[in-house]
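Values in this text are rule-based calculations from the coordinates and carry no lab data. Since the structure is predicted, the reported quantities are computational estimates derived from the model, not experimental observations. Cβ coordinates were reconstructed from backbone atoms using ideal geometry, including for glycine residues, and neighbour counts include every protein chain displayed.
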Amino acid sequence: MMAAAEPGRKLYRVVVVSLGLLCILQAALNISLRLALYHSYSTSYNTLKRNLSDCDNKTLDLEASFKTLTEERDELKKKLTDCVHDQQRWKYFSGSFYYISSNMKTWNESRTDCLQRWADLVVVNSEEEQEFINQYRKTMWIGLTDSEREGTWKWVDGTPLTTSFWHSGEPNNTNKSEDCVETKFRDKNSWNDAVCGNRNSWICEKKMFL
Ligand code: MMA
Ligand code: CA
């Protein structure tokens, strides 16, 4: 009886142990799969988080460059408007363009301004040209000076003074020393010698045909 029951018990034990092992294997597999899945989830979560913060930074950068570009555009717009208005100050008369300043500078600064405009302070060669500049009824520096040699008046183009339009009593070289010429008096003979360091408006001339 006992001997006959022995192989059945043994089989039973083998089955139970196998089932137990299978169970442990199943649990181990379950845990390792969960761990692997969690690992892959957390990696992709971190990647997404990093991408998102990169994206945020890029957005901030873009916003900053957009602001800079907008400012630069507005600056250029203003420069262009100023430039256009400045260009409109040029008046044409008998083969030359004339620029009448809106601000005031010393004689030397005025000349520098004209030179920067590819022009020079006006050289008055005729009665007509004198009348043209006089019509503006504005005190302005012209391109005449005797600062090289007192009493020897010279135009900025190097030519000596021949036809002159001095106001009566001028040039008088008062106020210590007056070496630069302004068109000042409301008279055909409008010129006055004045202190070169005074601030005046000025008139540039750009000859079209040399
Ligand atoms: C100012 C000055 C002179 C000019 C006289 C004319 C007082 O000095 O402009 O250059 O000759 O006026 O009165
Ligand atoms: Ca004078």
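Tabulated results
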item: Sites L29 and C55, calculated FRET efficiency, Cβ-Cβ separation with R0 30 Å, nearest 0.05; result: 0.20
item: Surrounding net charge for S102, when Lys and Arg each add one and Asp and Glu each subtract one, Cβ distance under 12 Å; result: 0
item: Relative contact order [Cα under 8 Å, 6+ residues apart], the chain, whole percent; result: 22
item: Unit charges on C-beta of K, R, D, E only; dipole of the chain, Debye; result: 2020
item: Estimated inter-spin distance, R13 and K77, nm [label 7 Å along Cα→Cβ]; result: 9.6
item: Point-to-point label distance, A36-E150, nm (Cα→Cβ direction, 7 Å offset); result: 10.7
item: Gaussian network model of the chain, Cα within-10 Å springs - most flexible of L115, L76, L33; result: L33
item: FRET E, pair K188, Q87, Förster distance 25 Å, beta-carbon r, rounded to 0.05; result: 0.25
item: Label-to-label distance, nm, for residues given as R137 and K206 (7 Å Cα→Cβ offset); result: 2.8
item: Which of F97, L161, F132, positive extreme of dipole for the stretch 51-166 (C-beta unit charges); result: F132
item: Over the stretch 87-143, relative contact order from alpha-carbon pairs under 8 Å, at least 6 apart, %; result: 27
item: Cβ charges +1 (Lys, Arg) and -1 (Asp, Glu), total dipole of the stretch 92-207, debye; result: 380
item: Gap separating the Cα centres of the stretch 21-76 and the stretch 117-148, nearest whole Å; result: 73
item: Normalised per residue, the volume of the convex hull around the Cα set of the chain (Å³); result: 218
item: Among the listed pairs K78/K138; K91/K184; K67/K105, those beyond 25 Å (Cα-Cα); result: K78/K138; K67/K105
item: Under 22 Å from K49, Cα to Cα: lysines that are on another chain or at least 8 residues apart; result: K58
item: Highest average packing first - 94-102, 122-130, Cβ atoms within 10 Å; result: 122-130, 94-102
